[in-house]
Amino acid sequence: MALGLGSTGARTYLYAELVEIGEIATRDDVSLLVVSLDTNPFFWSTFSLSFSDFISHVLAFLNSILLLSQLNQVVVIATGCNSCAYIYDSSVDSSHGSDTSGMPALYSNLLRKLEEFVARDEQLGKAQMQGATASSLLSGSLSMALCYIQRVFRSGPLHPQPRILCLQGSPDGPEQYVAIMNSIFSAQRSTVPIDSCYIGSNNSAFLQQASYITGGIYYRPPQLDGLFQYLSMVFATDLHSRAFLRLPKSVGVDFRASCFCHKQTIDMGYVCSVCLSIFCEHHQKCSTCGKYIPKFCPAYRGDKHNGNALG
Ligand SMILES: [Zn+2]
Ligand SMILES: [Zn+2]
């Protein structure tokens, strides 16, 4: 790990550029942090911590990531209940200084985009008139995060170490089960850890599985007054340094799945022997692969504290 950086002038260089011009040797502690930020108004209107307090903790945390290394990169994706959008990318943020109000550029740019996003997401909710959905669109933001990371992977052999951080409070949306599991397995295949900071009242089974399968950290802060402390102590650590630290271990993972027919979380169910689709009741024909199956496989058992989801 080379920590010293030569003078690179006023311009901010990308990681690959600095390696190319010989400013740095290859480094293993440079992070690309893609954050999924839960903006679901249905959650925040009923939660004990206000959204503005939450954002102030998160902004300080994101700023500290950028201060840790000049080469660190932060991307923020807002996760609403109807849509998701990129609201901040430190690599394209041209104004690195303070603006006229004395607020760092990170804060003012991100807050402006966030405000626009929340208004747009609310409009979409009104237009669709589907009624209140309690969950936020986590599957969408995970997909967007993975797309961004894939683009970084394809930019060349030299890139920062990517990881995803889900800052989530809304309850799981069982209807997103298949999409979220696909994202999780895609992240696992690309060796991208998904860290989860879940602040809701009950644990999130989706995020527990996401962090467990991808080798990330799942943590539920016990006191939200000190959210910044938890974020900076647990989630600011780069992948290289994690090997030397004693970070929180997950005490148990809720492996329950959602059935493909009604999108409801189930403890017991039936598994198609061809495509492994899960159903809460017996079907003559699998709705996923279309095969007629005279007899379904033995029941699926979603077990807590058990690594085998299919048993
Ligand atoms: Zn069902
Ligand atoms: Zn099937």
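The values are calculated or read from the model by the stated rules, or taken from the named source; none is laboratory data. None of the values given here were measured: they were computed from a predicted structure. Glycine also receives a Cβ, built like all others from the backbone with ideal geometry; neighbour counts cover every protein chain displayed.
Conditions tested, residue by residue: (1) at pLDDT below 85; (2) under 30 Å from F51 (Cβ atoms); (3) outside any strand (DSSP E or B).
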residue	(1), (2), (3)
P221	no, yes, yes
F228	no, yes, yes
S232	no, yes, yes
D238	no, yes, yes
A243	no, no, yes
H262	no, no, yes
G290	yes, no, yes
C297	yes, no, yes
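Of the helices (runs of 4 or more DSSP H) lying entirely inside region 136-216, not one contains at least 2 residues that are touching a Lys or Arg at 6+ places or on another chain (Cβ under 6 Å), in the same structural domain as C275 (by TED's automatic domain parsing) and surrounded by 24 or more Cβ atoms within 10 Å (Cβ to Cβ).
Residues in region 247-285 that are of a type in the set (F, W, Y) and either free of Cβ contacts under 8 Å to residues at least 12 places away in the same chain or within 11 Å of ligand 1 (Cβ to nearest atom) (or both): F260, Y270, F279. With the condition kept exactly as written, say whether any residue in region 274-290 is away from ligand 2 (no atom under 12 Å from the Cβ), aliphatic (A, V, I, L, M) and touching a Lys or Arg at 6+ places or on another chain (Cβ under 8 Å). Checked region 274-290: no residue is away from ligand 2 (no atom under 12 Å from the Cβ), aliphatic (A, V, I, L, M) and touching a Lys or Arg at 6+ places or on another chain (Cβ under 8 Å).
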